[in-house]
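Novice: Below you will find the structure I want to go over with you.
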Amino acid sequence: MILLTGFEPFASSDFNPSIVIARHAEKILREQGHEAVAAELPCVFAQAPRVLHELITLHRPHVVLSLGLAQGREKLGMEKVAINLIDARIADNAGARPIDVPVLADGPAAYFSTLPLKAALQELGSENVEISYSAGTYVCNQIFYSLMHQSRTDPEIRAGFIHVPWVAAHEAQLLVHARAVAQIAVLALAGANEPRLSAGKED
Ligand code: PCA
């Protein structure tokens, strides 16, 4: 079972491509014979982790891919590291703007993704995807950290976060990203091994 999540619109926009891409990826995966569910998360610090927790409890997924929008990106960014820090640049959809608080009091400073990021990079190509070493300090990083915390004791779960670039409500472009997300999910489900391939950055 593959669980995909995307976020509702936030800030001043009325469209968030992440949930539409998650829904398209769900359809692609089902057509391939996989069990998959896509669900929307609220862009609200006080609610999103609980909604995610309920989804994981309900569906008992083997793979969880959470998606969110990152305006400035040009390709799909497979996030490597979730940090235990919230520092909101803008208010969330409930008007909250926490600054310098942990995602989880007493939690570790960071978690790594358990998705096969290098295998995905090799399969999809650096022109389509990249490994990112910061998921920011807003609701996406909070959900990524919560996801990794919730799945830390279950070695059967492969989980991680992917930031999608801005794409308007343009079916063809949304589908290109959805196909890539579905491919990453299948690699994770198959337990792909990580090739020795550098994706390091200098800053
Ligand atoms: N992007 C925001 C939160 C919701 C979303 O889609 C982020 O990157 O934190």
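We did not get these values from a lab; they are worked out from the coordinates using the rules stated. Since this is a predicted model, take the numbers as computed values, not measurements. Cβ placement follows ideal geometry from the backbone for every residue including glycine, while neighbour counts extend to all protein chains displayed.
Novice: Determine, for T153, T114, the number of other Cβ atoms within 10 Å of each Cβ, and report the residues in order from fewest to most.
Specialist: The order, fewest Cβ neighbours first, is T153, T114.
Novice: Can you count the Lys pairs in the chain whose Cα atoms are under 17 Å apart, with each pair 8 or more apart or on different chains?
Specialist: Number of lysine pairs found: 5.
Novice: If you add up the charges near C43, with Lys and Arg at +1 and Asp and Glu at -1, over every other residue whose beta carbon is less than 15 angstrom from its beta carbon, what do you get?
Specialist: -1
Novice: Right, here's the next one. Could you give the size of the charge dipole of the chain about its Cα centre, using +1 on the Cβ of each K and R and -1 on the Cβ of each D and E, expressed in debye and rounded to the nearest 20?
Specialist: Dipole about the Cα centre, nearest 20: 200 debye.
Novice: Something else now. Charges at C-beta only: +1 for Lys and Arg, -1 for Asp and Glu. How large is the resulting dipole of segment 43-157 about its Cα centre, in Debye rounded to 20?
Specialist: Charge dipole, segment 43-157, about its Cα centre: 80 debye, nearest 20.
Novice: Find which of P155, A88, P9 sits farthest along the positive direction of the dipole of the chain, computed with +1 on the beta-carbon of Lys and Arg, -1 on that of Asp and Glu, about the Cα centre.
Specialist: Looking along the dipole axis, the top candidate is P155.
Novice: Nearest 20 debye, what's the magnitude of the dipole of segment 98-189 about its Cα centre given +1 on Lys and Arg Cβ and -1 on Asp and Glu Cβ?
Specialist: In total the dipole reaches around 100 debye.
Novice: When the convex hull of the C-alpha atoms of segment 54-114 is computed, what volume per residue in Å³ does it have?
Specialist: Cα-based convex hull of segment 54-114, divided per residue, equals 144 Å³.
Novice: Where does the chain land at 222 nm, in deg cm²/dmol rounded to the nearest 500, when only DSSP H runs of n ≥ 4 count, each adding -39500 (n - 2.57), divided by all residues?
Specialist: -10500 deg cm²/dmol
Novice: Return the percentage of antiparallel bridges among DSSP beta bridges fully within segment 64-203, rounded to the nearest 5 %.
Specialist: If we restrict to bridges inside segment 64-203, about 40 percent are antiparallel.
Novice: Expressed as a fraction of 2.2 N^0.38 Å, the rule-of-thumb size for a compact globular protein of N residues, what is the C-alpha radius of gyration of the chain?
Specialist: 0.94
Novice: Using the Kirkwood radius built from alpha carbon pairs, what does the Stokes-Einstein equation give as D for segment 11-117 at 37 °C and 0.692 mPa s, in µm² per second?
Specialist: Result for D is 207 µm²/s.
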